[in-house]
Amino acid sequence: TMATVICTRFTEEYQLYEELGKGAFSVVRRCVKVLSGQEYAAKIINTKKLSARDHQKLDREARICRLLKHPNIVRLHDSISEEAHHYLIFDLVTGGELFEDIVAREYYSEADASHCIQQILEAVLHCHQMGVVHRDLKPENLLLASKSKGAAVKLADFGLAIEVEGDQQAWFGFAGTPGYLSPEVLRKDPYGKAVDLWACGVILYILLVGYPPFWDEDQHRLYQQIKAGAYDFPSPEWDTVTPEAKDLINKMLTINPSKRITAAEALKHPWISHRSTVASCMHRQETVECLKKFNARRKLKCGLRTVNPPPASPTSGSHSTSTPTERHAPPNQRRPGCGTVETGSGRLSTSTAQAPPPRSASKWW
C-alpha cells in the first residue's frame with residue numbers, strides 16, 4: 001500500500017513568529033514567507049480537535065475568504081492543510097481596531113464617521129456582490145491596515161459568513177452578536193443580505209455618539225427593543241448631528257428588511273457621496289469620551305457571561321465553547337451576551353465582543 005504523503009508546505013515556505021491572538025481551536029501568529037520576506041498573519045487551526053461540523057465551517061470560511069478580493073477586506077493569501085493543522089494565511093493588519101484608533105485622535109467629526117462607514121459599506125457591497133453575507137459586523141471586526149494616518153479600514157473574521165444565491169432569503173440559523181442582531185433574525189424569519197445593513201446602522205449610530213442604539217442589561221428586553229426598532233436620537237448629543245446622518249441611520253435601521261437600504265444605495269446617500277458639503281466637520285469630543293467608555297466595556301473579559309438566542313431556538317450538535325449557555329448558567333451568572341453566537345445551524349461560538357453598559361434614563365452608563 002502506498003504511504004500517505006503528508007503535506008509540509010507551510011512548514012517549508014513560512015517562518016512562524018509571535019502570537020497575535022487566540023481562539024478555541026486556533027491561534028493567530030505572525031509569519032514570514034521565506035522566499036519573499038513578506039509578513040502575514042497565519043491562523044493555525046488544530047484540525048485534530050474539530051468535529052465534522054467544525055470541519056465544514058472551516059471549509060466554508062476558507063472558501064468564502066478565497067472569493068473576496070477588496071482593499072477594505074482582510075485578504076486570504078493561502079490556505080494550506082498539513083497533518084494536524086490547517087493554516088489560513090491572511091494580510092497582516094497592524095493598525096488595531098478602528099474604534100480604538102478613533103479615541104486616540106485629537107480630531108474626530110461626522111465627516112470622519114462618514115468616511116469610516118463608507119469603507120465598511122464598500123466592503124459589505126463587495127461581499128454581497130460575491131454572494132456572501134458576513135452576519136457578524138461589529139467593532140471587533142473592523143481593523144486598520146496600518147498605524148499610519150488615514151490607513152484603510154479592513155473588514156475581518158468571516159467565521160460566521162454564509163453564501164447566498166442572489167437575493168435568497170432563508171433561515172440560516174441564529175448567528176451574530178446580541179446588540180447588532182437584526183429584527184428578522186430575532187423573529188426567526190428567513191433572512192439575507194439586509195442583516196449586514198442593519199448592523200451597519202448600529203455601527204454608524206455608535207460612530208456618531210459613542211453609545212449603541214439598543215441596549216438593556218436584560219437580553220430578552222434588548223431583543224424586544226430591537227424587534228420594535230425602539231431607538232431614538234436623544235438631546236443634547238444628537239442636536240449637533242446633521243439630519244442627513246440621521247436619515248441614513250433611519251434607512252439602515254428599518255425593521256422591514258425588504259424596505260431597508262442596500263449597500264449600493266447607502267453608498268449613493270448624500271451624507272456619504274457628498275460628504276464634503278453634507279457631513280459636519282465639527283469635532284465631537286463627547287463622542288470620543290463616550291467611545292472610550294464603550295471600548296472599555298467591550299474589552300472587559302467575558303468571565304461567565306453568556307450569550308443566548310431567544311427561547312425555543314433549536315440547538316443541535318455540541319456546544320464547543322468555554323462560555324456556558326444560559327440554560328446551564330446559575331441565575332446570578334445570567335448576564336448580557338458577550339460575543340458571537342451561532343446556533344440553529346450547529347454550535348455556539350464565542351468571541352471577544354462585549355455588550356455595552358445599560359442606558360439608564362437618557363444616558364447609557
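When the stretch 205-237 is filtered for residues that are crowded, with 18+ Cβ neighbours inside 10 Å and in contact with a strand residue (DSSP E or B) (Cβ under 9 Å, 6 or more places away or on another chain), only Tyr211 remains.
Every listed requirement among (1) within 28 Å of Ile89 (Cβ to Cβ); (2) touching a residue at least 24 places away in the same chain (Cβ under 8 Å) is met by Gly166 save one, (1).
Here are Leu125, Leu142, Leu76: which of them is farther than 23 Å from Asp167 by Cβ, touching a helix residue (DSSP H, G or I) at 6+ places or on another chain (Cβ under 7 Å) and touching a residue at least 24 places away in the same chain (Cβ under 8 Å)? Don't jump to the end; show me each part of the working.
Numbers: Leu125 fails: farther than 23 Å from Asp167 by Cβ; Leu76 fails: touching a residue at least 24 places away in the same chain (Cβ under 8 Å).
The unique qualifying residue is Leu142.
For the stretch 257-278, does any single residue satisfy the condition of being touching a Phe, Trp or Tyr at 6+ places or on another chain (Cβ under 6 Å), closer than 29 Å to Arg187 by Cβ, hydrophobic (A, V, I, L, M, F, W, C) and in a helix (DSSP H, G or I)? So far as the stretch 257-278 goes, no, none of its residues is touching a Phe, Trp or Tyr at 6+ places or on another chain (Cβ under 6 Å), closer than 29 Å to Arg187 by Cβ, hydrophobic (A, V, I, L, M, F, W, C) and in a helix (DSSP H, G or I).
Are any residues in the stretch 273-298 of a type in the set (A, V, I, L, M) and under 26 Å from Trp215 (Cβ atoms), and if so, which ones? Don't jump to the end; show me each part of the working.
In the first step, residues of the stretch 273-298 are kept if they are of a type in the set (A, V, I, L, M); the result is 278-279, 282, 288, 291, 296.
Hits for the stretch 273-298 are Ala279, Met282, Val288, Leu291, Ala296.
Out of curiosity, is Arg60 of a type in the set (Lys, Arg) and within 20 Å of the chain's Cα centre (by Cα)? Answer is yes for this residue. Taking the stretch 124-142 only, how many residues are in a helix (DSSP H, G or I) and among the hydrophobic types (A, V, I, L, M, F, W, C)? The qualifying residues number 3. Residues in the stretch 14-40 that are touching a residue at least 60 places away in the same chain (Cβ under 8 Å) and over 27 Å from the mean Cα position of the chain (by Cα): 1 in all.
Every read-out reported here was derived from the displayed coordinates using simple, explicitly stated rules and does not represent laboratory data. This is a predicted model, so every value here is computed, not measured. No Cβ is skipped: glycine too gets one built from the backbone with ideal geometry, and neighbour counts run over all protein chains shown.
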